[in-house]
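Notes follow once the structure below has been shown.
The values are calculated or read from the model by the stated rules, or taken from the named source; none is laboratory data. All values derive from a computational prediction rather than experimental measurement. In this analysis, Cβ positions are derived from the backbone assuming ideal geometry, glycine residues included, and neighbour counts consider all displayed protein chains. All accessible areas refer to the heavy atoms of the entire protein, side chains included, with ligands and DNA or RNA removed. Shrake-Rupley method; radii C 1.70, N 1.55, O 1.52, S 1.80 Å.
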Amino acid sequence: MLKINNLHVQLEEEDKQILKGVDLEVPAGEVHAIMGPNGSGKSTLSYVLSGKDGYEVTEGSATLEGQDLLSLEAEERAAAGLFLAFQYPVEIPGVGNMTFLRTAVNAQRKARGQDEMSASDFLKFVRAKAKDLKIDAEMLKRPVNVGFSGGEKKRNEILQMAMLEPKMCILDETDSGLDVDAMKLVSDGVNALRDGKRAFLVITHYQRLLDHIQPDAVHIMANGRIIKSGGPELALEVEHNGYADILAETA
Amino acid sequence: MPGVAKGTARASALSKKQDVLAERLAAMTLPEGGVWATERRKDALARLQAMGLPAPRDEYWRFTRPQLLNAPAPERAAVFHADEAPIFDEIDRLRIVFVDGVFAPEESDDLALEGVEIERLAEAATKDIHWAKELYGVLETRGQDPVERPHAALNTAFATDGLLIRVTGKVTKPVHVTYRHESETSDAYLHNLLKLEAGAELTLLENGPAAARFNKVLEVEVGDGARFHHVRAQGRDHERQAFTAMFARLGAESLFKSFTLTANGRMTRNECVIEMTGDDASAHVAGAALGHGDFHHDDTVFITHDAERCESRQVFKKVLRKGAVGTFQGKILVKRGAQKTDGYQKSQSLLLDDTANFLAKPELEIYADDVACSHGSTSGAIDEDMLFYLRARGVDKDTAMDLLVLAFVAEAMEEIEDEGLAQAMTERLDGWLQRRRGA
Ligand SMILES: Nc1ncnc2c1ncn2[C@@H]1O[C@H](COP(=O)(O)OP(=O)(O)O)[C@@H](O)[C@H]1O
Ligand SMILES: [Mg+2]
C-alpha cells in the first residue's frame, strides 16, 4: 500500500536535514506502528507524505499503491486515499464543523468521479458516524476544533477518517492526551475501519494504544531514520526499557 | 512669535480648503424647497463655508485622499453590468428606486406601508412635514463636533432628494432602496431621514452603486425601545466614488444595527456617527469590504457613549488583494457619567497578497471609571496551517482559500440578525470570490 524508499527531507527555509533516509513499507490490511523519541522526525514524515509546504525532498520516493505521492498536491493525495490524523488538529474559527465535513466529503467524491451527497443523505451519514464516537450535535455545529478539548479534537479527527474512508491512514500521536474512555472510543473507531484492505501507520509513544489496536509491525525511528523494526514485542520492550538500549545497539 | 506664525499657517490652510470648496460650489445652486428645508440648507451651507472641504493634510483624512470626493465633478465611472440576480429579490419588501440620484416612480412601489409614513425630500416644498424639520441636518450638525465632516454638510445643503421615513409601529416588511447607476458622469446627492418613534421597528435595505459619484447622508433617530436594522450592499461598479455618512441618535433601550457589504469601488468613504443618549441602548456597526486592484475603502466610525449601560460593537473586516487599500478609523468616546459602558471595536484585514494594504487607527477616549472597552486591529495573510488542514482533507486550494476568506468575514456577517439577509450577503461575497479564482 504505502512504500517509502530512502526518503531524505530538509526544511525549505533553513539548511536543516530532518529525514535522513527513511525506508518503510506498509502492506494493505496491516497496521504498523512508529515509535521514537521526540524530535526524531515522525511528524515530519507524516507531513511530507500528506503534502505540507515547507519541506524539500532531496532524495528518495514515496508511493501509494504504486502512485507517486510526492508529485501530488495535498488534496490530490487525500483523494488518492491518504489520510493524516493530525498530532495537533488545527482550529478554524468561522468554519462550521459540519460545513467542513460536508465540503471535504463532497470534494473527495467529486475527485473520484462520484456525485455529491445530498444534504439529507449527508446528515444521516454524519450523524451515524458521530454517534459511534460520542460526538454530539453541538460539537458538529461549532467551528472546526474551536473550543474542543484535546480528546474532542482527536475524536473529531477519527470522525473525519471514518467519513472519508481512506485507504491509508496515518495517525500521529492520536492517543496523546486521551483519557481511558476517549482512548477506547478512538481505538474502537480505528478498529471499525480495519477491513483487511485498509492500512494504518500509527505514530505513538505508548503501548497503551497498541493494546487496543494490535499492530502487525513496530518500527523505531530516531534521528530521521527507522533504526529498528520488529513485531509487537518491540513496543513492549520500549515500554519497559525506553529507547536507550535500542539507540545504543544501533549506534 | 511662533504663536502668530502658527495662527497664520492655520488661516492659510483654511483658506485653501475654502478655495477648494468654492471651486466645488461654482456651478451648484441650492435646491428649491419649503421654508424649513431652505433654512436647513442655508444653515448647512454657512457651516460648510466656515469649514471648507477636507485637505489631504487633515488628520481625519490621513489615510484617504479627499481629492476625488472634493473635485468639482466626478471622475467618469463606467457602469458595471452585473450578471447576478438582483439582491433582496426573494424578500417581501417595499421597493424604492433611484437612478443616478433621481427617483424612479415607475420602478418603485407606492410609498405606502402600514406603520410608516414615507415622503420624499424633493416634495418637501409642498408639504409641511413637521417631524422632518426637527431632524433634517440636526443630527448631521451634532456629528460635526468634535470632528468636521464637510461632505456631510455639503449633502445637507445640496441633497436633491431622499426619503423621509417616520415609523410609528412595527412594520411588516423592510423598506428597500435601490440606487441604480446608469450615467458615467452622474454626481448624486441623496439625504434620507428616519425617525423611529418609541417602540417602533424597521429594517432598511439599501443597495447599488447609485452614481459615478454618490454623496449620501442618513440621519436616524431611534426612539426609546425602538429597533433599527440596516443592511446595505454598495454596488460592484469598479470606478464609482462614494461618500456616505450615517448619523444616529439612540434613545433608552433602543437598538441600532447596521451592516455594509462593499465590493469593488475606486473610492468609498463610509462614515458612521452614533450618539447614545439613552440608558441601556445598543449599537452595532459592521462591515465587510472586498477589494481587488484599484480599490480604496474607508470606514470611519465615531461612537459616543453619553448614557449608562450602553453597549456598542464595531466589527469591520476587509479582504484585500492586488493593490487594494483598506482603512479604518474608529473611535469610542465615553463621556463622564456613562458608567457601565461596554464598548467593543475590531477591525481586521486579510491581505491576500503583499501588494494590498491596510491602515487602521483605533481610538478610545474614556472619561468614566466603570467601563469595559476593548479594541483590536490586525492585518494578516491566509493561515497556512488552516489551509493545509483543509487541503489534507481533500478540499482543493481555491475552495479552501474561499472557505477561509468566508470564515474571516464571518464575525462581521454574524452581526446581521436576519438569516435570509445574512445568506444574501454571504452569496454575494461567495460570488465575488469565485469570480476571482486563479486571478
Ligand atoms: N518547520 C520546522 N522548522 C524548524 N524545525 C523543524 C520544523 N519541522 C520540524 N522541525 C524539527 O525537526 C525535528 C523533527 O521534528 P518532528 O518531526 O516534529 O519530530 P517528532 O514528531 O518525531 O517529535 C525536530 O528537531 C524539529 O524541531
Ligand atoms: Mg510529532
Would you list the strands (runs of 3 or more DSSP E) that sit entirely within the stretch A:149-251 and hold 3 or more residues that are within 16 Å of ligand 2 (Cβ to nearest atom) and under 18 Å from the mean Cα position of the chain (by Cα)?
-> A:168-172, A:199-203, A:217-222
The stretch A:111-122, residues that are more than 9 Å from chain B (Cβ to nearest Cβ) and either under 26 Å from A:GLU65 (Cα atoms) or of a type in the set (Gly, Ala, Ser) (or both) | A:ARG112, A:GLY113, A:GLN114, A:ASP115, A:GLU116, A:SER118, A:ALA119, A:SER120
Among strands (runs of 3 or more DSSP E) entirely within the stretch A:15-104, at least 1 residues that are at the interface with chain B (Cβ under 8 Å from one of its Cβ atoms) and either closer than 21 Å to A:LYS3 by Cβ or within 14 Å of the chain's Cα centre (by Cα) (or both) occur in A:82-85
Going through (1) more than 16 Å from ligand 2 (Cβ to nearest atom); (2) within 21 Å of A:ILE158 (Cβ to Cβ); (3) buried (at least 20 other Cβ atoms within 10 Å of the Cβ) one by one, A:ALA28 fails only at (3)
The stretch B:234-277, residues that are among the aliphatic types (A, V, I, L, M) and in a loop (DSSP other than H, G, I, E, B) | B:ALA252
Evaluate the stretch B:159-167: report whether one residue or more is without any contact (Cβ under 8 Å) to a residue 60 or more places away in the chain and in contact with a His (Cβ under 7 Å, 6 or more places away or on another chain).
-> yes
Within the stretch B:360-371, track down each residue that is open to solvent by 60 Å² or more (accessible area, probe 1.4 Å) and among the hydrophobic types (A, V, I, L, M, F, W, C).
-> B:LEU364, B:ILE366
Please work out which residue is farthest from ligand 2 (Cβ to nearest atom), limiting yourself to the stretch A:137-148 and to residues that are in a helix (DSSP H, G or I) and either within 14 Å of chain B (Cβ to nearest Cβ) or touching a helix residue (DSSP H, G or I) at 6+ places or on another chain (Cβ under 7 Å) (or both).
-> A:LYS141
For residues that are in contact (Cβ under 8 Å) with a residue 24 or more places away in the chain and within 16 Å of ligand 2 (Cβ to nearest atom), scanning just the stretch A:52-70, find the one that is nearest to A:LYS16 (Cα to Cα).
-> A:TYR55
Here is a list of conditions, (1) open to solvent by less than 20 Å² (accessible area, probe 1.4 Å); (2) more than 16 Å from ligand 2 (Cβ to nearest atom); (3) closer than 20 Å to A:LEU171 by Cβ, and A:LEU49 meets all of them except one; can you say which number that is?
-> (2)
Can you pull out the residues in the stretch B:197-218 that are out of contact with any His (no Cβ under 9 Å at 6 or more places or on another chain) and touching a residue at least 40 places away in the same chain (Cβ under 8 Å)?
-> B:ALA198, B:ALA200, B:ARG213
Just a yes or no: is a residue in the stretch A:54-67 hydrophobic (A, V, I, L, M, F, W, C), farther than 30 Å from B:THR426 by Cβ and either more than 15 Å from ligand 1 (Cβ to nearest atom) or in contact with a Ser or Thr (Cβ under 6 Å, 6 or more places away or on another chain) (or both)?
-> yes
When every residue in the stretch B:132-152 that is outside any loop (DSSP other than H, G, I, E, B) and out of contact with any strand residue (DSSP E or B) (no Cβ under 6 Å at 6 or more places or on another chain) is compared, the one least open to solvent (accessible area, probe 1.4 Å) is B:PRO150
Hey, does the stretch B:33-52 have a residue that's under 30 Å from B:ARG236 (Cα atoms) and of a type in the set (Asp, Glu)?
-> no
Just checking, how many residues over the stretch A:149-169 are touching a Pro at 6+ places or on another chain (Cβ under 8 Å) and either open to solvent by 10 Å² or more (accessible area, probe 1.4 Å) or away from chain B (no Cβ under 11 Å) (or both)?
-> 3
Extreme residue, nearest to A:HIS32 (Cα to Cα), among residues of the stretch A:231-249 that are touching a helix residue (DSSP H, G or I) at 6+ places or on another chain (Cβ under 9 Å), open to solvent by 30 Å² or more (accessible area, probe 1.4 Å) and in contact (Cβ under 8 Å) with a residue 12 or more places away in the chain = A:PRO232
Please find, within the stretch B:197-250, the residue that is nearest to B:GLY101 (Cα to Cα) out of those that are open to solvent by less than 10 Å² (accessible area, probe 1.4 Å) and more than 16 Å from the chain's Cα centre (by Cα).
-> B:ALA212
Tell me, which residue of the stretch B:87-106 that is open to solvent by 50 Å² or more (accessible area, probe 1.4 Å) and touching a residue at least 40 places away in the same chain (Cβ under 8 Å) is nearest to B:ARG240 (Cα to Cα)?
-> B:VAL102
Which pairs have Cβ atoms under 8 Å, sit 6 or more apart or on different chains, and link a residue in the stretch A:138-156 that is over 17 Å from A:PHE86 (Cα atoms) to one that is of a type in the set (D, E, K, R) and open to solvent by less than 50 Å² (accessible area, probe 1.4 Å)?
-> A:MET139/A:GLU152
Taking the stretch B:384-439 and keeping only residues that are closer than 23 Å to A:GLU76 by Cβ, open to solvent by 20 Å² or more (accessible area, probe 1.4 Å) and of a type in the set (Phe, Trp, Tyr), one is left with none
From the options A:LYS228, A:LYS197, residue that is open to solvent by 20 Å² or more (accessible area, probe 1.4 Å) and more than 16 Å from ligand 1 (Cβ to nearest atom) | A:LYS197
If A:LEU178 satisfies every condition in (1) touching a residue at least 40 places away in the same chain (Cβ under 8 Å); (2) under 24 Å from A:GLU91 (Cα atoms) but one, which is the exception?
-> (1)
On the given criteria, is B:PHE158 surrounded by fewer than 24 Cβ atoms within 10 Å (Cβ to Cβ), aromatic (Phe, Trp, Tyr) and under 16 Å from B:PHE243 (Cα atoms)?
-> yes
